[in-house]
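Some notes on the structure that comes next.
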Amino acid sequence: LYGTSYINDFGHLTIGGVDVTELAEYYGTPLYIYDVKDIRDRALAFKKAFEQQRVDYQVAYASKAFSCIAMIELAEELGLSLDVCSGGELFTAMKAGFPAERIHFHGNNKTPDELEMALKEGIGCIVVDNFTELSWLMAMTESMKTPMKVLIRITPGVEAHTHEYISTGQEDSKFGFDLNSGQAEKAIKMLLNHEYLYLQGVHSHIGSQIFRAEGFEEAVKEIYLSIARWHQEMGYYPDVLNVGGGFGIRYGENDHPLPLHVYVDKMVETAKSEAAKLKMPVPEIWIEPGRALVGEAGTTLYRIGARKDIPDVRTYLSVDGGMTDNIRPALYQAEYEAVLANKANDEKTELVSIAGKCCESGDMLIWDVKLPPAVQGDILAVSSTGAYGYAMANNYNRILRPAVVFVEGGEHTCVIERETFSDLVRHERSYRHQCQLKD
Ligand code: LLP
């Protein structure tokens, strides 16, 4: 069981002190539930690890994992910084009243409009990704006479040992400046003499769902090889070393996440020893966890509908959601665990496969899971859906995006309402009407 969940006297799954079958009844399904206490505990675990290492730090929540006003408010309450990677995420952060100076802006193709928005809002820093962006930023800060702190994103050439779609640290990547070909040096030189841009430090993100703390050690060492050179050749030494996010979580029994402090200890200790070799101070260490803060805190409830038994082959149980609310199995072959929330103590005697309701054979949530005998109307709870679930939700087949509910201490509150059919056509105009206008 995850976070604060337990099974109550009725044999029902309970999260944050709330019986989830009651939530399914009250809000309908599918439904995303977030265990707020779990998010708090994880944020505190990261912060405590840094405090114990006695280094200056920032823990920035990577809001791409799950961005909405309530989540941003929670991040602010927890004293986190915020990583945004689009104008939409920045807008959401500002709407939630998040302090601009704690926002970091990422992305390999920030548009001039997005950069202007960031400059006007006076955010904490922009993580510069490439020369196009750098030249835009130089010109824009000059014409707007607006200063901005920047980090340069580099690719340290470290393999993350994760799915290739979520692996980003290798040299052949669309992200960041390459270290070996002199791109990073060139960018640093351009920044060091600039009137409005202040080069605060270096950023690297090696990938996602990483279980080896050594990956971060290797990245820090690799970056320091370059820092040593920059220091010697240009007298440049960073104030900030941002090691990115990517800390792995538990989706199922094959995942063995490390306690969060292990990652922090590894990267900070490596930075300390590398800095000592150069006789330089330890930079501020920043990280950007998304998944590790919200992933395990999220559970999705579905109602079981159709059943199809193919004798000696497979039993398909279909639910009222699927790749529209969780595209990760279809996109990354991601594996999930599930329980029957209203029969959580019953013996698991059936091996079944959980299908979504989209018109697509690939819309499978779980290929094999053991459940108690399930009937139509039972509530299926899929765990660890808090990161990149709602964030990547879509309206394929014109299916509605579910509601999102926060639970804590026996209380529940809806933070995102379920979409309605009218939402689907909200931005649409009749073509018939356009033809009439022309006549
Ligand atoms: N920092 C940067 C620069 C990133 O690109 C990302 C994720 C993060 C931090 C946060 O990574 P996390 O701690 O959440 O692993 N949709 C995929 C994940 C894509 C991750 C993109 N960047 C998935 O569902 O697994």
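Observations on the model:
- FRET efficiency estimate (nearest 0.05) - Cβ-Cβ, Arg432 to Glu51, R0 51 angstrom: 0.20
- For Thr141, the shell of other residues with beta-carbons less than 13 Å away shows a net charge of -1, using +1 for Lys and Arg and -1 for Asp and Glu.
- Going from the fewest other Cβ atoms within 10 Å to the most, the residues Phe216, Phe421, Phe50 appear in the order Phe421, Phe50, Phe216.
- For Val18, the residues whose modelled amide H falls within less than 5 Å of its own, excluding neighbours fewer than 5 places apart on the same chain, are Gly410.
- Most positive-pole-ward Cα, Gly122, Ser422, Leu293, against dipole of the chain from beta carbon charges: Gly122
- Calculated diffusion of region 36-294, Stokes-Einstein form, Kirkwood radius summed over Cα pairs, 25 °C and 0.890 mPa s, µm²/s: 134 µm²/s
- The chain - share of DSSP beta bridges that are antiparallel (%, nearest 5): 45 percent
- Averaging the sequence gap over all C-alpha pairs within less than 8 Å and six or more residues apart, then dividing by the number of residues, gives the chain a relative contact order of 20 percent.
- Centroid-to-centroid separation of region 314-346 and region 100-163 [C-alpha atoms, Å]: 38 Å
- The chain: DSSP helices with Cα axial extent of at least 15 Å and average Kyte-Doolittle hydropathy no lower than 0.0: 131-144
- Across region 1-109, the mean sequence separation of Cα contacts (distance under 8 Å, 6 or more residues apart), normalised by length, yields a relative contact order of 17 percent.
- Taking the Cα centre of the chain as origin and assigning +1 to Lys and Arg Cβ atoms and -1 to Asp and Glu Cβ atoms, the resulting dipole is close to 640 debye.
- Alpha-carbon geometry of the chain: the Rg and the Dmax are 23.6, 78 Å, given in that order.
- Basic side chains Lys and Arg get +1 at the Cβ, acidic Asp and Glu get -1 at the Cβ, and with that the dipole of region 36-294 about its Cα centre reaches some 420 debye.
- Cross-link table Lys174/Lys272; Lys189/Lys277; Lys37/Lys370; Lys308/Lys357; Lys186/Lys279; Lys48/Lys221, entries beyond 22 Å C-alpha to C-alpha: Lys174/Lys272; Lys189/Lys277; Lys37/Lys370; Lys186/Lys279; Lys48/Lys221
- Ordering Asp423, Asp19, Asp35 by the number of other Cβ atoms within 10 Å of each residue's own Cβ, fewest first, gives Asp423, Asp19, Asp35.
- Simple spin-label estimate for Ile310 and Thr420 in nanometres, 7 Å along Cα-Cβ: 4.1 nm
- Region 36-294: relative contact order as a whole-number percent, Cα under 8 Å and 6+ apart: 21 percent
- Candidates Ile327, Gly79, Pro281 compared by Cα position along the dipole of the chain: farthest toward the positive end lies Pro281, with charges placed on Cβ.
Read-outs throughout are calculated quantities, based only on the coordinates presented, and are distinct from any laboratory measurement. Just so we're clear, the structure is a prediction, and the values are computed from it rather than from any experiment. For neighbour counting, all protein chains shown are included, and Cβ atoms are generated from backbone atoms with ideal geometry for every residue, glycine included.
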